[in-house]
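The values are calculated or read from the model by the stated rules, or taken from the named source; none is laboratory data. No experiment lies behind these values; they were computed from the predicted model shown. These accessible areas exclude ligands, DNA and RNA; they are computed on the full protein's heavy atoms, side chains included. Shrake-Rupley method; radii C 1.70, N 1.55, O 1.52, S 1.80 Å.
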Amino acid sequence: MKPWLAQNKTHFVELLKQQSLPHAMILSGVKGSGKTELANWLSNTLLCQSASTENFENIYNQQDIPCQQCKSCNLFHQATHPDHIHIELVTSSIGVEQIRRVSRFFEKTAQLATNQVVVIESAESMTESAANALLKTLEEPTNNSFIILLVNDEQRLLPTIISRCRHIQLKPPVGRELLSYLQKGDGDKSNQDQFLNLSHLSELNDDQQNQQYINFTECFIRFLIEKNQRMSLLATLQQNENNIHWLERTIINLVRAEAHWLTNFKVDGFSDDKLLEYLTANKEKLWQVYLLIKRYNKQRLTLVQLNTEYSLEKLLVDIWIIMNAVEE
(Lines give C-alpha, C1' and ligand atoms only; values in the text may rest on other atoms or scores of the structure.)
Protein backbone atom coordinates (compact mmCIF):
# COMPACT_ATOMS: atom_id res chain seq x y z
CA MET A 1 0.00 0.00 0.00
CA LYS A 2 1.28 3.48 -0.83
CA PRO A 3 3.02 5.03 2.20
CA TRP A 4 0.85 8.16 2.28
CA LEU A 5 -2.26 6.02 2.88
CA ALA A 6 -1.09 4.98 6.37
CA GLN A 7 -2.88 7.91 8.01
CA ASN A 8 -6.16 7.11 6.22
CA LYS A 9 -5.81 3.46 7.20
CA THR A 10 -5.30 4.42 10.85
CA HIS A 11 -8.37 6.66 10.69
CA PHE A 12 -10.53 3.81 9.39
CA VAL A 13 -9.19 1.49 12.09
CA GLU A 14 -10.28 3.93 14.79
CA LEU A 15 -13.75 4.18 13.24
CA LEU A 16 -14.00 0.39 13.13
CA LYS A 17 -12.95 0.10 16.78
CA GLN A 18 -15.63 2.61 17.72
CA GLN A 19 -18.19 0.92 15.45
CA SER A 20 -18.78 4.29 13.79
CA LEU A 21 -17.72 3.63 10.22
CA PRO A 22 -20.11 5.55 7.90
CA HIS A 23 -22.54 3.63 5.72
CA ALA A 24 -21.42 5.55 2.62
CA MET A 25 -18.01 7.02 1.84
CA ILE A 26 -16.42 8.96 -1.02
CA LEU A 27 -12.71 8.45 -1.63
CA SER A 28 -11.57 11.17 -4.01
CA GLY A 29 -8.20 11.90 -5.54
CA VAL A 30 -6.26 11.79 -8.79
CA LYS A 31 -5.49 8.51 -10.50
CA GLY A 32 -2.55 6.97 -8.68
CA SER A 33 -3.46 8.47 -5.33
CA GLY A 34 -4.37 5.03 -3.93
CA LYS A 35 -8.18 5.10 -3.93
CA THR A 36 -8.58 1.54 -5.18
CA GLU A 37 -5.87 0.20 -2.85
CA LEU A 38 -7.47 1.76 0.20
CA ALA A 39 -10.99 0.69 -0.83
CA ASN A 40 -9.81 -2.89 -1.36
CA TRP A 41 -8.12 -2.98 2.04
CA LEU A 42 -11.22 -1.58 3.77
CA SER A 43 -13.55 -3.95 1.87
CA ASN A 44 -11.36 -6.93 2.72
CA THR A 45 -11.26 -5.89 6.38
CA LEU A 46 -15.04 -5.48 6.59
CA LEU A 47 -15.54 -8.94 5.11
CA CYS A 48 -12.76 -10.75 6.99
CA GLN A 49 -14.24 -13.38 9.32
CA SER A 50 -11.42 -12.95 11.84
CA ALA A 51 -11.97 -9.20 12.19
CA SER A 52 -15.30 -9.30 14.00
CA THR A 53 -16.39 -6.37 16.13
CA GLU A 54 -15.71 -8.25 19.35
CA ASN A 55 -12.06 -9.01 18.73
CA PHE A 56 -11.18 -6.32 16.18
CA GLU A 57 -8.93 -4.28 18.47
CA ASN A 58 -6.89 -7.26 19.65
CA ILE A 59 -6.41 -8.54 16.11
CA TYR A 60 -5.40 -5.13 14.78
CA ASN A 61 -2.87 -4.68 17.57
CA GLN A 62 -1.26 -7.85 16.26
CA GLN A 63 -1.30 -6.31 12.77
CA ASP A 64 -3.21 -9.25 11.33
CA ILE A 65 -6.17 -7.61 9.62
CA PRO A 66 -7.38 -8.61 7.24
CA CYS A 67 -6.10 -12.05 8.18
CA GLN A 68 -5.66 -13.25 4.55
CA GLN A 69 -6.30 -16.81 5.74
CA CYS A 70 -10.03 -17.19 6.33
CA LYS A 71 -12.53 -18.27 3.69
CA SER A 72 -13.78 -14.69 3.25
CA CYS A 73 -10.28 -13.36 2.54
CA ASN A 74 -9.61 -16.10 0.00
CA LEU A 75 -12.89 -15.45 -1.79
CA PHE A 76 -12.26 -11.71 -1.75
CA HIS A 77 -8.89 -12.08 -3.46
CA GLN A 78 -10.46 -14.39 -6.04
CA ALA A 79 -13.13 -11.71 -6.68
CA THR A 80 -15.86 -14.26 -5.89
CA HIS A 81 -17.02 -13.11 -2.45
CA PRO A 82 -20.85 -13.25 -2.39
CA ASP A 83 -21.09 -10.21 -0.10
CA HIS A 84 -18.95 -7.90 -2.23
CA ILE A 85 -19.64 -6.08 -5.50
CA HIS A 86 -17.05 -4.03 -7.36
CA ILE A 87 -18.53 -1.90 -10.16
CA GLU A 88 -16.10 -0.63 -12.78
CA LEU A 89 -16.48 1.82 -15.65
CA VAL A 90 -16.46 -0.35 -18.79
CA THR A 91 -18.11 2.11 -21.20
CA SER A 92 -18.39 5.90 -21.19
CA SER A 93 -20.76 5.89 -18.19
CA ILE A 94 -22.19 3.81 -15.35
CA GLY A 95 -25.79 2.99 -16.18
CA VAL A 96 -28.89 2.68 -14.07
CA GLU A 97 -29.00 -1.13 -14.34
CA GLN A 98 -25.58 -1.36 -12.69
CA ILE A 99 -26.84 0.71 -9.77
CA ARG A 100 -30.12 -1.21 -9.54
CA ARG A 101 -27.98 -4.31 -9.10
CA VAL A 102 -26.56 -2.62 -5.98
CA SER A 103 -30.06 -1.98 -4.63
CA ARG A 104 -31.09 -5.60 -5.17
CA PHE A 105 -27.83 -6.74 -3.56
CA PHE A 106 -28.58 -4.81 -0.35
CA GLU A 107 -32.13 -6.15 -0.20
CA LYS A 108 -30.68 -9.55 0.67
CA THR A 109 -28.82 -10.47 3.85
CA ALA A 110 -25.12 -11.29 3.88
CA GLN A 111 -24.39 -14.87 2.85
CA LEU A 112 -20.97 -15.42 4.40
CA ALA A 113 -19.71 -12.34 6.20
CA THR A 114 -21.47 -10.02 8.64
CA ASN A 115 -21.20 -7.06 6.29
CA GLN A 116 -22.01 -6.32 2.67
CA VAL A 117 -19.70 -4.01 0.70
CA VAL A 118 -20.10 -2.28 -2.66
CA VAL A 119 -17.29 -0.33 -4.36
CA ILE A 120 -18.15 1.89 -7.33
CA GLU A 121 -15.18 3.14 -9.35
CA SER A 122 -15.37 6.39 -11.34
CA ALA A 123 -18.65 7.15 -9.59
CA GLU A 124 -18.78 10.61 -11.17
CA SER A 125 -19.45 8.80 -14.49
CA MET A 126 -22.93 7.69 -13.41
CA THR A 127 -25.77 8.78 -15.68
CA GLU A 128 -28.43 11.01 -14.15
CA SER A 129 -30.83 8.10 -13.75
CA ALA A 130 -28.09 5.95 -12.19
CA ALA A 131 -27.19 8.73 -9.73
CA ASN A 132 -30.84 9.10 -8.72
CA ALA A 133 -31.14 5.34 -8.21
CA LEU A 134 -28.07 5.38 -5.97
CA LEU A 135 -29.51 8.29 -4.03
CA LYS A 136 -32.50 6.15 -3.00
CA THR A 137 -30.15 3.46 -1.71
CA LEU A 138 -28.13 6.03 0.25
CA GLU A 139 -31.28 7.47 1.81
CA GLU A 140 -32.46 4.08 3.13
CA PRO A 141 -29.35 2.15 4.22
CA THR A 142 -29.70 -1.42 5.43
CA ASN A 143 -27.85 -2.76 8.46
CA ASN A 144 -24.20 -3.70 7.99
CA SER A 145 -24.10 -2.36 4.44
CA PHE A 146 -21.29 -0.15 3.15
CA ILE A 147 -20.90 1.77 -0.10
CA ILE A 148 -17.53 3.17 -1.17
CA LEU A 149 -17.51 5.61 -4.10
CA LEU A 150 -14.18 6.17 -5.83
CA VAL A 151 -14.10 9.56 -7.53
CA ASN A 152 -11.52 11.39 -9.63
CA ASP A 153 -13.58 14.59 -9.92
CA GLU A 154 -16.10 15.08 -7.10
CA GLN A 155 -17.49 18.22 -8.79
CA ARG A 156 -19.34 15.95 -11.21
CA LEU A 157 -21.24 14.16 -8.42
CA LEU A 158 -24.74 15.27 -7.44
CA PRO A 159 -24.57 17.51 -4.34
CA THR A 160 -27.29 15.34 -2.78
CA ILE A 161 -25.05 12.28 -3.09
CA ILE A 162 -22.07 14.11 -1.59
CA SER A 163 -24.21 15.28 1.34
CA ARG A 164 -25.08 11.68 2.25
CA CYS A 165 -21.51 10.38 2.24
CA ARG A 166 -18.39 10.87 4.35
CA HIS A 167 -15.94 12.53 1.98
CA ILE A 168 -12.26 11.59 2.30
CA GLN A 169 -9.70 13.20 0.00
CA LEU A 170 -6.54 11.24 -0.74
CA LYS A 171 -3.60 13.50 -1.42
CA PRO A 172 -0.20 12.12 -2.36
CA PRO A 173 2.79 13.96 -0.85
CA VAL A 174 4.24 17.02 -2.54
CA GLY A 175 7.54 18.84 -2.58
CA ARG A 176 10.48 17.32 -0.72
CA GLU A 177 8.38 14.49 0.72
CA LEU A 178 7.38 13.27 -2.75
CA LEU A 179 10.92 13.91 -3.98
CA SER A 180 12.25 11.56 -1.32
CA TYR A 181 9.63 8.93 -2.21
CA LEU A 182 10.40 9.06 -5.94
CA GLN A 183 14.15 8.83 -5.40
CA LYS A 184 13.69 5.44 -3.79
CA GLY A 185 12.78 4.10 -7.22
CA ASP A 186 14.95 3.71 -10.30
CA GLY A 187 16.81 6.97 -10.66
CA ASP A 188 15.83 10.53 -9.92
CA LYS A 189 12.61 11.35 -11.80
CA SER A 190 11.96 14.64 -10.06
CA ASN A 191 14.55 17.10 -11.42
CA GLN A 192 15.11 18.22 -7.81
CA ASP A 193 11.92 20.28 -7.86
CA GLN A 194 10.95 21.15 -4.29
CA PHE A 195 7.50 22.25 -5.50
CA LEU A 196 6.90 18.88 -7.13
CA ASN A 197 3.27 17.95 -7.74
CA LEU A 198 1.60 20.73 -5.81
CA SER A 199 -1.46 20.09 -8.01
CA HIS A 200 -1.41 16.33 -7.31
CA LEU A 201 -0.99 15.33 -10.93
CA SER A 202 -1.58 11.61 -11.36
CA GLU A 203 1.21 11.25 -13.91
CA LEU A 204 3.78 12.24 -11.27
CA ASN A 205 2.70 9.50 -8.86
CA ASP A 206 2.58 6.60 -11.31
CA ASP A 207 5.21 5.50 -13.85
CA GLN A 208 2.68 4.02 -16.26
CA GLN A 209 0.56 7.17 -16.18
CA ASN A 210 3.66 9.28 -16.74
CA GLN A 211 4.60 7.35 -19.88
CA GLN A 212 1.04 7.63 -21.18
CA TYR A 213 1.19 11.39 -20.58
CA ILE A 214 4.50 11.66 -22.48
CA ASN A 215 3.07 9.68 -25.41
CA PHE A 216 -0.07 11.83 -25.40
CA THR A 217 1.97 15.06 -25.37
CA GLU A 218 4.04 13.95 -28.37
CA CYS A 219 0.91 12.88 -30.26
CA PHE A 220 -0.85 16.20 -29.60
CA ILE A 221 2.15 18.31 -30.61
CA ARG A 222 2.52 16.35 -33.85
CA PHE A 223 -1.16 17.04 -34.46
CA LEU A 224 -0.51 20.77 -34.02
CA ILE A 225 2.73 21.05 -35.98
CA GLU A 226 2.60 18.30 -38.60
CA LYS A 227 -1.19 18.33 -39.07
CA ASN A 228 -1.46 14.57 -38.60
CA GLN A 229 -2.17 12.08 -35.77
CA ARG A 230 -5.80 13.25 -35.57
CA MET A 231 -7.33 9.76 -35.35
CA SER A 232 -4.70 8.53 -32.87
CA LEU A 233 -5.24 11.62 -30.75
CA LEU A 234 -9.02 11.24 -30.89
CA ALA A 235 -8.79 7.58 -29.82
CA THR A 236 -6.56 8.52 -26.87
CA LEU A 237 -8.90 11.32 -25.82
CA GLN A 238 -11.89 8.95 -25.87
CA GLN A 239 -10.16 6.16 -23.95
CA ASN A 240 -8.20 7.93 -21.23
CA GLU A 241 -9.98 9.58 -18.30
CA ASN A 242 -7.14 12.12 -17.97
CA ASN A 243 -7.64 13.31 -21.55
CA ILE A 244 -8.84 16.88 -21.04
CA HIS A 245 -6.51 17.48 -18.10
CA TRP A 246 -3.55 16.38 -20.25
CA LEU A 247 -4.75 18.42 -23.21
CA GLU A 248 -5.01 21.54 -21.07
CA ARG A 249 -1.69 20.89 -19.35
CA THR A 250 0.14 20.39 -22.66
CA ILE A 251 -1.16 23.70 -24.03
CA ILE A 252 -0.14 25.48 -20.83
CA ASN A 253 3.36 23.97 -21.07
CA LEU A 254 3.65 25.10 -24.71
CA VAL A 255 2.74 28.66 -23.73
CA ARG A 256 5.20 28.56 -20.83
CA ALA A 257 7.93 27.20 -23.10
CA GLU A 258 7.36 30.02 -25.60
CA ALA A 259 7.74 32.56 -22.77
CA HIS A 260 10.94 30.80 -21.58
CA TRP A 261 9.30 29.92 -18.27
CA LEU A 262 9.75 26.22 -18.96
CA THR A 263 13.29 25.53 -20.08
CA ASN A 264 13.35 21.71 -20.09
CA PHE A 265 10.34 21.11 -22.35
CA LYS A 266 11.39 18.68 -25.11
CA VAL A 267 9.54 16.62 -27.70
CA ASP A 268 11.08 13.68 -29.57
CA GLY A 269 11.59 14.46 -33.24
CA PHE A 270 11.68 18.23 -32.81
CA SER A 271 14.81 20.25 -32.11
CA ASP A 272 14.61 22.96 -29.46
CA ASP A 273 15.02 25.66 -32.13
CA LYS A 274 12.31 24.23 -34.37
CA LEU A 275 9.86 23.89 -31.48
CA LEU A 276 10.56 27.41 -30.19
CA GLU A 277 10.19 28.85 -33.69
CA TYR A 278 6.78 27.23 -34.05
CA LEU A 279 5.63 28.37 -30.60
CA THR A 280 6.73 31.96 -31.22
CA ALA A 281 4.87 32.09 -34.53
CA ASN A 282 1.69 30.65 -33.05
CA LYS A 283 1.50 31.95 -29.48
CA GLU A 284 -1.77 33.84 -30.01
CA LYS A 285 -3.36 30.77 -31.57
CA LEU A 286 -2.20 28.64 -28.64
CA TRP A 287 -4.00 30.98 -26.25
CA GLN A 288 -7.17 30.62 -28.33
CA VAL A 289 -6.85 26.84 -28.16
CA TYR A 290 -6.38 27.03 -24.40
CA LEU A 291 -9.60 29.04 -24.02
CA LEU A 292 -11.40 26.59 -26.30
CA ILE A 293 -10.32 23.66 -24.13
CA LYS A 294 -11.44 25.52 -20.98
CA ARG A 295 -14.89 26.09 -22.52
CA TYR A 296 -15.14 22.42 -23.43
CA ASN A 297 -14.16 21.42 -19.91
CA LYS A 298 -16.91 23.62 -18.48
CA GLN A 299 -19.46 21.97 -20.77
CA ARG A 300 -18.21 18.54 -19.76
CA LEU A 301 -18.79 19.30 -16.09
CA THR A 302 -22.20 20.96 -16.48
CA LEU A 303 -23.97 19.07 -19.28
CA VAL A 304 -25.24 15.70 -18.04
CA GLN A 305 -26.10 14.24 -21.46
CA LEU A 306 -23.01 15.49 -23.33
CA ASN A 307 -22.15 13.27 -26.30
CA THR A 308 -18.50 12.71 -25.42
CA GLU A 309 -17.43 11.09 -28.69
CA TYR A 310 -18.96 13.80 -30.87
CA SER A 311 -17.86 16.69 -28.65
CA LEU A 312 -14.23 15.50 -28.55
CA GLU A 313 -14.14 15.13 -32.32
CA LYS A 314 -15.59 18.63 -32.71
CA LEU A 315 -13.02 19.95 -30.25
CA LEU A 316 -10.17 18.61 -32.38
CA VAL A 317 -11.73 20.05 -35.54
CA ASP A 318 -12.05 23.46 -33.86
CA ILE A 319 -8.43 23.28 -32.68
CA TRP A 320 -7.32 22.40 -36.22
CA ILE A 321 -9.26 25.37 -37.63
CA ILE A 322 -7.67 27.77 -35.15
CA MET A 323 -4.13 26.52 -35.74
CA ASN A 324 -4.51 26.60 -39.54
CA ALA A 325 -6.25 29.96 -39.83
CA VAL A 326 -4.44 32.37 -42.13
CA GLU A 327 -3.30 35.57 -40.43
CA GLU A 328 -4.70 38.69 -42.13
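Here are the numbers:
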read-out: Size-normalised alpha-carbon gyration radius of segment 1-158, reference 2.2 N^0.38 Å; value: 1.02
read-out: Cα gyration tensor shape for segment 130-170, rounded if a/c is under 1.5, else prolate or oblate; value: oblate
read-out: Accessible surface of M1 - all protein chains present, 1.4 Å probe, nearest 10 Å²; value: 100
read-out: Qualifying lysines (Cα of each under 25 Å from Cα of K294; at least 8 residues distant if same chain); value: K31, K171, K227, K266, K283, K285, K314
read-out: From phi via Karplus (6.51, -1.76, 1.60), per-residue ³J(HN,Hα) for segment 114-121 in Hz, x at Gly/Pro; value: 7, 9, 10, 10, 10, 10, 10, 7
